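Before any comments, here is the structure.
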Amino acid sequence: MNVVDKIVLQGEKEDEGKRIDVFLAAELDYTRSYIKKLIVDELVFVNGKTVKPSYKVKENDEVVVNIPEAEKIDVLPENIPLDILYEDDDIIVINKPQGMVVHPAPGNYSGTLVNALLYHCKNLSGINGILRPGIVHRLDKDTSGVMVVAKNDKAHISLSNQIKERSVFKKYVAIVEGVIKHEEGKIEALIGRHPVDRKKMAVIEDGRYALTLYKVLERFKENTLVEAVIKTGRTHQIRVHMAYIGHPVVGDPVYGFKKQKFKLEGQALHSHVLGFMHPTKGVYMEFEAPLPEYFVRLIEILRNK
């Protein structure tokens, strides 16, 4: 059986005691039945060994999921312009535009950041398989902003460890619905796969720990410009947390208001600052992606309302 992708995850304290199939179904964009099949087919390894679907996850377990070939996959380099903020032999820091998918997935093998990177870079780390070369973390399709890509396995491991240790600094800027009264706040709510709609995330009792700190930057008549620092990197974290406190991100087609006032291509959420220790230089580096044009334009509209 040909393996086309490899996903590496780590069990955390809040995952203790969860069945491996439940844990993986919550973390990945696959159904629990598909995850079970992968486990039965011995394509899932915990600490280097195969397990049964009933295996209970422990803190610090290294879980490797091998995704088998489902159809012929051809991820090709494409001459897509990249907004490069920094580049050296180990890493490349990109300002990703809104609307760009980070990595290929079944049915969508072109036009992604990975296609662009394969054209631009001679080398990318191979730890995450052929569908996610170099990808250490990702941004949603319609979230713009700064992200780092690993050019080799050493850099990939270093950055992955920093993310697991929560030492990577991630600051976002968002425009949310409603006027937030407090100057700043903390959202500490567990996030997991939505119990009914598996494509969505939600605040649920048996979710994984998630912490978002936010600060009001500017108030408008019916909206608020906020800065959000995430201490954890859960899927859709800011979007889920802001919706949870009644202030969903403007333009969010999944967690936002059904009736949107502005004709946006997606949520008004931008990865503004990213900071981490350089994998080989051992120095802290911080990168800032300026607000995109659509974001600046929306702020001006809100100021003039």
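The values are calculated or read from the model by the stated rules, or taken from the named source; none is laboratory data. This structure is a prediction, so every number in the text was calculated from the model and none was measured. In this analysis, Cβ positions are derived from the backbone assuming ideal geometry, glycine residues included, and neighbour counts consider all displayed protein chains. Heads up: the accessible areas ignore ligands, DNA and RNA and are worked out on the full protein's heavy atoms, side chains in. Shrake-Rupley method; radii C 1.70, N 1.55, O 1.52, S 1.80 Å.
A few notes on this one:
- Relative contact order computed over the chain (Cα-Cα under 8 Å; 6+ residues apart), in percent: 15 percent
- Taking Cα centre as origin and charging only the Cβ of basic (Lys, Arg, +1) and acidic (Asp, Glu, -1) residues, the dipole magnitude of region 84-304 rounds to 520 debye.
- Cubic angstrom per residue, convex hull over Cα atoms of the chain: 134 Å³
- Taking all protein chains together and a 1.4 Å probe, the residues Asp197, Asp21, Asp74 rank Asp74, Asp197, Asp21 from largest to smallest accessible area.
- Per residue solvent-accessible surface (Å²) - the chain, probe of 1.4 Å: 50 Å²
- Cβ-based charge dipole, the chain, positive-most Cα from Ile157, Asn79, Ile180: Ile180
- The relative contact order of region 3-68 comes to 53 percent, based on Cα pairs under 8 Å that sit 6 or more residues apart.
- 222 nm mean residue ellipticity, helices alone, for the chain (DSSP H n ≥ 4; -39,500 (n - 2.57); rounded to 500): -5500 deg cm²/dmol
- Rg [Å, one decimal], Dmax [Å, integer] - region 159-294, C-alpha atoms: 15.5, 49
- Solvent-accessible surface of protein heavy atoms, probed at 1.4 angstrom with all chains present, puts Leu225, Leu118 in the order Leu118, Leu225, largest first.
- Proportion of all alpha-carbon pairs of region 1-144 beyond 20 Å (%): 52 percent
- As a rough guide to protection, the peptides 208-216, 139-147, 282-290, 157-165 ranked by mean Cβ packing within 10 Å, highest first, stand as 139-147, 208-216, 157-165, 282-290.
- Basic side chains Lys and Arg get +1 at the Cβ, acidic Asp and Glu get -1 at the Cβ, and with that the dipole of region 45-175 about its Cα centre reaches some 480 debye.
- Per residue, the convex hull volume that the Cα atoms of region 192-243 enclose (Å³): 86 Å³
- Computed E for Glu165/Thr31 - FRET, C-beta separation, R0 30 angstrom, nearest 0.05: 0.45
- Overall, the accessible surface of the chain at a probe of 1.4 angstrom is composed of carbon and sulfur to the extent of 51 percent.
- Rounded if a/c under 1.5, otherwise prolate or oblate - region 91-182, Cα gyration tensor axes: oblate
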